[in-house]
Each structure stands twice: as structure tokens, then as C-alpha cells.
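One structure is given here, and the rest of the page talks about it.
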Amino acid sequence: MPQIRPITDLRNTTEISNICHNTKEPVFITKNGYGDLVIMSIETYEKQFAMSELYQKLTLAEKQVAEKLPLLKGEDVFKKLRAKYGNKI
């Protein structure tokens, strides 16, 4: 469940930091009873950003399928990746 804290709680940065890291969720900060800021750990931010990028790529792929654009074969994609990055994949 998301944490909602008043802006005065930012005086105790260690506590807010611990909440962000322990819950792995953003902390919503209010000012005068209204939403003002969102604070999260870098780990949570990177995860959210990666998910956003993934959804954008999936949306593009769905659009390409709907428009019946030519698709790449999985084998060809992996050949290109192996050529570029080696057998780490």
C-alpha cells in the first residue's frame, strides 16, 4: 500500500529513505493536504522506467502486427544479437 506523508516528514530523510527502500514503492508527499511530490528509490525508479519502455515497445509491436508490416524471424534476430554481443545471450 502506498505511503502518503506530509511534507514536514522530509525533515527526517533517513526515515523516508528507509521507507522507499523497504517497501520498494514510491512515497507520496503532501503539502497543505494536496499531493505535491513523489519520492522513490533509484531501484524503484529504474524498474518503473524499464516497464514504461517495455510497454512502449509492445505498443509499437502490436501496431506493426495490426498494420501487417513484415515481421522478423526469431532466428534472424538472435543471429544478429549473437553477432553483435557474442554468445552471452
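Laboratory data are not the source of any read-out in this text; all were calculated from the coordinates shown. What you see is a predicted model, and the numbers here were worked out from it, not measured in a lab. Here Cβ is always computed from backbone atoms with ideal geometry, including for glycine, and neighbour counts include all displayed protein chains.
General remarks:
- Reachable lysines from Lys57, criterion Cα separation under 28 angstrom, eight or more residues apart if same chain: Lys24, Lys47, Lys68, Lys73, Lys79, Lys80, Lys84, Lys88
- For Ile29, distant residues with modelled amide H under 5 Å away: Arg5, Asp36, Leu37, Val38, Ile39
- Semi-axis lengths, Å, the chain, gyration tensor of Cα atoms, sqrt of 5 times eigenvalues: 42, 18, 8
- Normalised Debye scattering of segment 44-85 at q = 0.14, 0.23 Å⁻¹ gives log10 I(q)/I(0) of -0.50, -0.87, counting only Cα atoms as equal scatterers and leaving out solvent.
- Working from Cα pairs under 8 Å separated by at least six residues, relative contact order for the chain is 18 percent.
- Selected from Thr30, Leu71, Leu54, residue furthest toward positive end of dipole (the chain; charges at beta carbon): Leu71
- Qualifying trypsin sites (Lys or Arg not before Pro) for segment 1-63 [loop in DSSP, other Cβ within 10 Å: at most 15]: Lys24
- Phi-derived couplings, Karplus 6.51 cos²θ - 1.76 cosθ + 1.60 at θ = phi - 60°, listed residue by residue for segment 23-29: 8, 6, 9, x, 10, 8, 10 Hz, with x used for Gly and Pro.
- In the chain, helices alone account for a calculated mean residue ellipticity at 222 nm of -18000 deg cm²/dmol, with every DSSP H run of four or more residues adding -39,500 (n - 2.57).
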